[in-house]
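For reference, the structure discussed in these notes is given below.
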Amino acid sequence: MYEERCPETAEGTVTLLSSASSSDENPVRGNWGNKLDFILSSLGYAVGLGNVWRFPYLAYDNGGGAFLIPYVVMLLFAGLPLFFMEVSFGQYASEGPISAWKALPMMRGVGFGMMFVSLYVGIYYNVIITYTIYYLIASLTTKLPWVGCDNSWNTIYCSSRFQECLGVDRKDLDSLGVVNGTSGVVIGNGSCVTVSSLTNSELSGYQITELNGRYDLSRYTDPLHSSRIRSSEEFFKLRMLQEADSVGELGWVSWQLALCLLLAWVIVFLCLIKGVKSSGKVVYVTATFPYIVLLALLILGLTLDGHQEGIRFFITPKWEILGNPQVWLAAAVQIFFSLSAAWGGLITLASYNKFHNNCYVDSLFVAIANCATSIFAGFVIFSIVGFMAKELGKEVNEVVDQGFGLAFIAYPEAVALLPAAPVWSCLFFLMLLTLGLDSQFTIIETIVTAIVDAFPGALRKRKIFVLLGLCCFCYLVGLLCVTRAGIYWVNLMDSYGASFALLIFAICECASISWIYGGKRFINDIRTMIGSQWVDFPLFYWWPINWCIITPALLSFVLLFNWMDWSPPTYNGDYPWWAHLIGWTMVGLSLVWIPGIWVYEFIIGPGGVASRWAAMSSPRESWGPALQKYRQVAWDTHVQHGTTMGGKLEGGLEDNHHAAADPAVEPAVMYKAQANDGYDPPV
């Protein structure tokens, strides 16, 4: 047994609550096994593939070390406030991203939109995890398959064919000298022939000079130089993806990728089979393993020749670029998407916390740790990339890349140059796998929790079947992404599925909670959970100032500039019109819920226009802490600090002196919906 200290009640006393440490505080929904489960799950959700394959390139491309200034500024004014708001909101309600909006019924459309975006992302994100599984299995060999150009999938344009034909090291390609007649040269059709077999006119055309049976290659250059493709790129596109020429050429389903995709979904299902009880333990491995690998890669990178140039390339500040608004926009977008805010995942994870968990400290730690991880990953990536540039005799900016290009082309090529390359390759792709799985766990749990919380009576005890059905559905849809045109669909879903909608959700969250639900009421909700000693500290006023004004204004600015700077996504050229139509349909399906729920709530409301508005903009009777003992604490805390809890006390307690003393502290509930469980299905 342990004692848990609650915040002060209206009478100024402190209530002590007892709870068995071996049982959940909320026996209906369950809780995290312990605090570390939540922290690691939140960290794993926030720290994803983008921290490794997007941030380093973004920093280099936007001022190097100087990029950290707008990055930190955007963290303080946009990332942290939104992160803390969502975690507090979810923990107070102990509900998923749809049901939590019983606090403000008219905004339930935001929760529906979050669920749809999570569905889009969950489908294609597991396809990316599929790629990492494929590469991980391919790395279980003594020679990495993307090394060299003698494989069946390689073309005449494979980058190392030239040096293999000449029989020289890549470092010596710029200093070719005199060779004998048996040496090989590459001709215009990509063939490798002996130099002695060339005619005089061909020798002249290739700027090769013959002298007494010897041949001077000092002026000879690769005739296919401008068309050369990295061997690692050919492995990615021609071997794994078997890439088609356009999005409409589906071709066949790759059975290898289909099996890897099945394995990915089986892993997700098994790790979530017991909800947060199982996923909360898995993250002890998946959330910490990437840091072990990153540290090992950094140590290795610092021992390699050329690492200084790579790191210098990453951190050298370009102060003049800070005057470019695009740099600040890039920082805001990176912070927003890196912290995984407005997806519904943070609300879901926090909803399984114990009521008096210190969500304030947790939010600060996870958000700052996430950003520190991005910077740390930058040093790791650029130390290895600097080594690769040195080995290839190129500049760093010629070999660095981002996204798929970094994870599946540039970095595999760099790893192939390391000693014990297969070992480092396995570690790297195992790291990507764990990074992806952490985020995927929360994405799928968000959808399942939203569905189960929406229909608790019918689905609470059948949650495993909801999870199984969702995994099967996503797998079947995901098969589209492992056809020959699969990469086009992944890129299309990534570009449209989680772009403008998330920014709109975030703006709606800030504006509705701060201005309609009430910023002061929300602060007292937080006070109920963490106590007055945190909320009354002067620096805490930073949060409501941001929630009410700065954060929504900043996100509106980012959204506006995104619209102004938006260009249709491309992959190997432009998409056809019907592909863009599908993309915009995805956006529409996630956003239409917001105005749709407004209309629905207005129609079902009682009375005239004013009464209907009051009903749709006021909390449901069931709004408030999930457990009765905390509803009483919340009620008293709100009364003491001049606000109302919004919902009613259960068990007839609404008739006590707190409710009857003053009409001003009555719950702001204008009508009773049928069953009044805080959730009215609009369909």
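The values are calculated or read from the model by the stated rules, or taken from the named source; none is laboratory data. Keep in mind it's a predicted model, so treat the numbers as computed, not measured. Note that we place each Cβ from the backbone using ideal geometry, even for glycine, and neighbour counts take in every protein chain shown. The area values use the complete protein model at the heavy-atom level, side chains included, leaving out ligands, DNA and RNA. Shrake-Rupley method; radii C 1.70, N 1.55, O 1.52, S 1.80 Å.
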- Task: Give the Cα extents of region 584-646 along the principal axes, in whole Å, largest first.
- Result: 47, 31, 19
- Item | Cleavage-rule hits (chymotrypsin sites (Phe, Trp or Tyr not before Pro)) in region 528-593: DSSP loop, at most 11 neighbouring Cβ within 10 angstrom | W566
- Task: Report the FRET efficiency, 1/(1 + (r/R0)^6), for I582 and N189, where r is their Cβ-Cβ distance and R0 is 45 Å, rounded to 0.05.
- Result: 0.65
- Item | Under DSSP loop assignment and at most 16 Cβ neighbours within 10 Å, longest GluC sites (Glu not before Pro)-free interval of the chain | 396-649
- Would you give the gap between the C-alpha center of region 368-442 and the C-alpha center of region 548-582, rounded to a whole Å? 28 Å
- Message: Please list, in order, the residues from region 436-452 whose amide nitrogen is less than 13 Å from a point placed 7 Å along the Cα→Cβ vector of S278.
- Response: 441, 445
- Message: Report the Cα-based extents of region 247-301 along its three principal axes, largest first, to the nearest Å.
- Response: 43, 39, 18
- Full extension from R219 to V423: what is 0.36 nm times the residue separation minus their Cα-Cα distance, to one decimal in nm? 69.5 nm
- Whole number in Å², please: accessible area per residue of the chain, 1.4 Å probe, ligands, DNA and RNA not counted. 39 Å²
- Note on the structure: Residues of region 469-483 with backbone N under 18 Å of the label point set 7 Å from the Cα of W255 along Cα→Cβ are 479-480, 482-483
- Message: Let me make sure I get this right: for region 552-601, a, b and c are the square roots of the gyration tensor eigenvalues over alpha carbons, sorted descending. Under 1.5 in a/c it's rounded, otherwise prolate if a/b > b/c, else oblate. Which is it?
- Response: oblate
- Message: Can you give me the Kirkwood hydrodynamic radius for the chain, using every pair of distinct Cα atoms, in Å to one decimal?
- Response: 27.5 Å
- With axes computed from alpha carbons, what is the tilt in degrees of helix 519-530 against the longest principal axis of the chain, rounded to the nearest 10 within 0 to 90? 90 degrees
- Carbon and sulfur atoms account, in whole percent of the 1.4 Å probe accessible area of the chain, for 64 percent
- Between T142 and C472, take the C-beta separation as r, use R0 = 41 Å, and let me know the FRET efficiency to the nearest 0.05. 0.60
- Task: Note the full-extension length gain between I516 and V361 as 0.36 nm times their separation in residues minus their Cα-Cα distance, in nm to one decimal.
- Result: 53.2 nm
- Message: What is the angle, in °, between the Cα long axis of helix 463-478 and the longest principal axis of the Cα atoms in the chain? Nearest 10 is fine, range 0 to 90.
- Response: 30 degrees
- Work out the FRET efficiency for D150 and I545 from their Cβ-Cβ distance, taking R0 = 56 Å, and round it to the nearest 0.05. 0.30
- Which value, in debye to the nearest 20, gives the size of the charge dipole of region 576-648 about its Cα centre, when Lys and Arg are +1 and Asp and Glu are -1 at the Cβ? 160 debye
- Where the centre of each part is set by its Cα atoms, how far does region 342-361 sit from region 36-84, in angstrom? 19 Å
- Within straight cross-link reach of K354, meaning Cα distance under 26 Å, which lysines are found once same-chain residues fewer than 8 apart are removed? K35, K102, K274, K277, K281, K461, K463, K520, K629, K648
- Assigning unit charges at the beta carbon (Lys, Arg +1; Asp, Glu -1) and nothing else, what dipole magnitude in debye, to the nearest 20, does the chain show about its Cα centre? 920 debye
- Specify the angular offset, from 0 to 90 degrees and rounded to the nearest 10, of the alpha carbon long axis of helix 628-640 from the longest principal axis of the alpha carbons in the chain. 80 degrees
- So, with points 7 Å from each Cα along the Cβ direction, the Q308-I464 label distance in nm works out to 6.0 nm
- Task: Could you tell me the largest-minus-smallest coordinate of the C-alpha atoms of region 159-228 on each of the three principal axes, in descending order and whole angstroms?
- Result: 31, 23, 18
- Query: Once you charge only the Cβ atoms, +1 for Lys and Arg and -1 for Asp and Glu, what is the size of the charge dipole of region 159-228 about its Cα centre, to the nearest 20 debye?
  - Reply: 100 debye
- From the residues G478, P456, I604, which one has its Cα farthest along the dipole of the chain in the positive direction, the dipole being from +1 and -1 charges on Cβ of Lys/Arg and Asp/Glu about the Cα centre? P456
- Positive-end residue of G646, Y496, L297, charge dipole of the chain with Cβ unit charges: G646
